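Visitor: Let me give you the structure first, and then I'll get to my questions.
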Amino acid sequence: MRSNWPTAAAVRIGIDLGGTKIEAVSLAGNGSEGFRRRIATPRGDYDATIEAVAGLVADAERTAGRASVGVGIPGVISPATGLVKNANSTWLNGRPLRDDLERRLERPVRVANDANCFALSEASDGAAAGLPVVFGVILGTGTGGGLVIHGRVVVGANAIAGEWGHNPLPWPEPGEWPGSACYCGRTGCIETFLSGPGLTRDHEHTAGERLEPATIVARASTGDRAAVATLGRYHHRMARALASILNVVDPDVVVLGGGLSNLPGLSASVMKLWGAFVFSDSVTTTIVPAVHGDASGVRGAAWLWPDQSLTR
């Protein structure tokens, strides 16, 4: 690490490095935004990705001045190798992304999983601000999770803390086991049930009709029995999956984000159902929607520097 890197300014820069877009934001200490820009990701081109991030940082610093930089990625940095692993943006896998960004930007860069950034954003100045233990859930094309305790992301010894989506669905009911194949190589993972594709697959399996989640919700609102039943199974599976988190982590709050977090009545239904599976005589944990929506990822990347120190 270079010893002559400057100290951080009062502004943080966050980068959300996604598979289709890269977004940048600059945050003041009170969380107000001074800059925001989104560009297309140069898919499949690692070197161009590094340059795209550097260009966004330069754009942000024209108004913010030199700042700390945090980056959220759809994967993690392996503690064993320092290389990216588990990224669905496959051109990042096996690459020394953090090291290359630090050399290009001439400063330390903090890199975290995008679900961890989501949880950190909501714990810093969002729906869970001020609460000690926060579990963040992203429900979309996948099922991500992140854990924040006392304002700090818990990464874990193997950089997989919060990866609840690749545990098996707990307390399986008839027809749920062994479950569908998951890209991780196993079957019956929570993600295969609670992701958007998982919801579509379940409805097709039971009703014989392939529908996207939005259409299933619309059908259910008209009283369609098959759609209502599909959403009922989804709620029950979500309750069981989150109960397993409560039994291990016991968070103060669960924050939901992603497209499926908007399913009508989801939070209230799950909070009624999970008590049967939580190992406690009462459950005070609540489920709340994200305040910052799809901006939580990029904001959380900026909050990876809570102390404004440019030392690791």
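The values are calculated or read from the model by the stated rules, or taken from the named source; none is laboratory data. Fair warning: this is a prediction, and the values are worked out from it, not measured in the lab. We place every Cβ from the backbone using ideal geometry, glycine too, and count neighbours over all the protein chains shown.
Visitor: Taking the stated definitions as given, is Ile216 not assigned by TED's automatic domain parsing to the domain that holds Gly29 and not in a loop (DSSP other than H, G, I, E, B)? First the steps, then the outcome.
Guide: Numbers: not assigned by TED's automatic domain parsing to the domain that holds Gly29: yes; not in a loop (DSSP other than H, G, I, E, B): yes.
Yes, satisfied.
Visitor: Need the failing condition index for Ala229 against (1) over 26 Å from Phe135 (Cα atoms); (2) hydrophobic (A, V, I, L, M, F, W, C); (3) buried (at least 20 other Cβ atoms within 10 Å of the Cβ), just the number.
Guide: Here Ala229 meets the rest and fails (3).
Visitor: Can you tell me how many residues within region 24-55 are under 20 Å from Phe118 (Cα atoms) and surrounded by fewer than 22 Cβ atoms within 10 Å (Cβ to Cβ)? Write out each step before concluding.
Guide: Of region 24-55, the ones under 20 Å from Phe118 (Cα atoms) are 24-39, 41, 53.
If we keep only those that are surrounded by fewer than 22 Cβ atoms within 10 Å (Cβ to Cβ) as well, we get 28-39, 41.
Going through region 24-55 one residue at a time, the tally reaches 13.
Visitor: Quick check: is even one residue across region 56-74 assigned to a loop (DSSP other than H, G, I, E, B), buried (at least 20 other Cβ atoms within 10 Å of the Cβ) and at negative phi? Walk me through it before giving the result.
Guide: Pass one, region 56-74, residues assigned to a loop (DSSP other than H, G, I, E, B): 65-67, 74.
Now narrow it down to the ones that are buried (at least 20 other Cβ atoms within 10 Å of the Cβ): 67, 74.
From the residues that got through so far, the ones that are at negative phi too are 67, 74.
The answer is yes; a qualifying residue exists.
Visitor: I would also like to ask the following. Which residues, counting only those in region 160-211, are buried (at least 16 other Cβ atoms within 10 Å of the Cβ) and at positive phi?
Guide: Gly162, Gly179, Gly188
Visitor: Take Gly258 and decide whether it is buried (at least 19 other Cβ atoms within 10 Å of the Cβ), at pLDDT below 95 and out of contact with any Pro (no Cβ under 8 Å at 6 or more places or on another chain). Outline the logic, then answer.
Guide: Values: buried (at least 19 other Cβ atoms within 10 Å of the Cβ): yes; at pLDDT below 95: yes; out of contact with any Pro (no Cβ under 8 Å at 6 or more places or on another chain): yes.
Yes: the conditions hold for Gly258.
Visitor: Mind counting the residues in region 119-147 that are surrounded by fewer than 24 Cβ atoms within 10 Å (Cβ to Cβ) and farther than 17 Å from Ser32 by Cα? So that I can check it myself, show each step before the final result.
Guide: Looking only at region 119-147, we keep the residues that are surrounded by fewer than 24 Cβ atoms within 10 Å (Cβ to Cβ), and these are 124-125, 127, 129-133, 140-142.
Filter again for farther than 17 Å from Ser32 by Cα, leaving 130-133, 140-142.
So the count comes out to 7.
Visitor: Looking at region 26-39, I want the residues that are in the same structural domain as Val53 (by TED's automatic domain parsing) and among the aliphatic types (A, V, I, L, M) and have a partner that is part of a loop (DSSP other than H, G, I, E, B) and surrounded by fewer than 16 Cβ atoms within 10 Å (Cβ to Cβ) with Cβ atoms under 9 Å, at least 6 apart or on another chain. Which pairs are those?
Guide: Pairs that qualify, where the first residue is in the same structural domain as Val53 (by TED's automatic domain parsing) and among the aliphatic types (A, V, I, L, M) and the partner is part of a loop (DSSP other than H, G, I, E, B) and surrounded by fewer than 16 Cβ atoms within 10 Å (Cβ to Cβ), are Ala28/Ala10.
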